[in-house]
Amino acid sequence: MTTPLPPAQHALDLRFAPRLGAADFLVSDSNREAFERIGRWPDWRPPALVLYGPAGSGKTHLAHLWCERAGAALVAGDSVTTGDAAALAGNLAVDDADRAAETPLFHLYNLCRERGGSLLLTARAPPAAQRIALADLASRLRALPVVALGPPDDALLAAVLVKHFADRQIGVEPSVIAYLLSRIERSFAGAAAIVAALDRRALSARRAVTVALVREVLAAADAPLNPDRPAI
């Protein structure tokens, strides 16, 4: 017989799988240019692009869309090694390229260009603002075109919250979204964090995500998710 979880115990969540299709990307003024530049491939001059923006702003989602369009490989920056550079070269996307070791990233860049491939890099800051010790790599990356993904406006942040809930198969009332909008950190990372926290609490307590549950989770936080939110 299966033993029920006590109310305070954390449940294992096997439902969460972010949807990364084109129809799932939420376009607004803050990311429209990046979305359109992805859609214009292969008409890139030069055949490379750097997307940069804060965590959760959609860089990885756009990288997946471009890889599907370009038949490209996608590799995490912190997993790039010199040994696999030759195998990965071609049409290539490096996600979080600012976390890659410089020498293998330099080899990847050179091989991709030598073979006539296209290259997409994502990062939290543009190459010009990064500390790059390898001078040859710095000069090449800083010559690439860059497109920023900006912070969300109200409409986009609301849509992002709805998407995060939908990705986790959680249905919520509009009142929940409205309540969250005025109380959480106004960032993509903040939206992802609160939805994850609410999902964990809802699973462990076997409750629906309601305004009452949101109030409890926010009140229990060690620090406000939005320093300017009104008192609960």
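Going residue by residue through the range 171-192, is there one that turns out to be surrounded by 18 or more Cβ atoms within 10 Å (Cβ to Cβ), farther than 30 Å from P47 by Cα and either touching a strand residue (DSSP E or B) at 6+ places or on another chain (Cβ under 9 Å) or of a type in the set (S, T, N, Q) (or both)?
Checked the range 171-192: at least one residue is surrounded by 18 or more Cβ atoms within 10 Å (Cβ to Cβ), farther than 30 Å from P47 by Cα and either touching a strand residue (DSSP E or B) at 6+ places or on another chain (Cβ under 9 Å) or of a type in the set (S, T, N, Q) (or both).
If you go through the range 112-162 one residue at a time, how many are touching a Cys at 6+ places or on another chain (Cβ under 6 Å) and β-branched (V, I, T)?
The qualifying residues number 0.
When you go through L134, L121, L88 one by one, which is the residue that is at pLDDT below 95 and either of a type in the set (V, I, T) or not assigned by TED's automatic domain parsing to the domain that holds A189 (or both)?
L88
Report whether or not R99 is of a type in the set (K, R) and farther than 19 Å from F188 by Cβ.
Against the criterion (of a type in the set (K, R) and farther than 19 Å from F188 by Cβ), R99 does not qualify.
Please find, within the range 36-79, the residue that is surrounded by the fewest Cβ atoms within 10 Å (Cβ to Cβ) out of those that are among the polar types (S, T, N, Q) and either outside the structural domain of R140 (by TED's automatic domain parsing) or touching a residue at least 60 places away in the same chain (Cβ under 8 Å) (or both).
The extreme case among them is T60.
As an exercise: evaluate A133 against (1) in contact (Cβ under 8 Å) with a residue 24 or more places away in the chain; (2) of a type in the set (A, V, I, L, M, F, W, C); (3) surrounded by 15 or more Cβ atoms within 10 Å (Cβ to Cβ) and give the number of the one condition it does not meet.
Evaluating A133 over (1) in contact (Cβ under 8 Å) with a residue 24 or more places away in the chain; (2) of a type in the set (A, V, I, L, M, F, W, C); (3) surrounded by 15 or more Cβ atoms within 10 Å (Cβ to Cβ) leaves (3) as the failure.
Those residues that are outside any helix (DSSP H, G or I) and of a type outside the set (S, T, N, Q), I need them from the range 82-99; list them, please.
Those that are outside any helix (DSSP H, G or I) and of a type outside the set (S, T, N, Q): A89, G90, L92, A93, V94, D95, D96.
Within the range 27-81, can you find the residues that are hydroxyl-bearing (S, T, Y), in a helix (DSSP H, G or I) and more than 22 Å from V162 (Cβ to Cβ)?
Selection gives S79 alone.
The values are calculated or read from the model by the stated rules, or taken from the named source; none is laboratory data. Predicted model, so just to flag it, every value in this text is computed and none were measured. In this analysis, Cβ positions are derived from the backbone assuming ideal geometry, glycine residues included, and neighbour counts consider all displayed protein chains.
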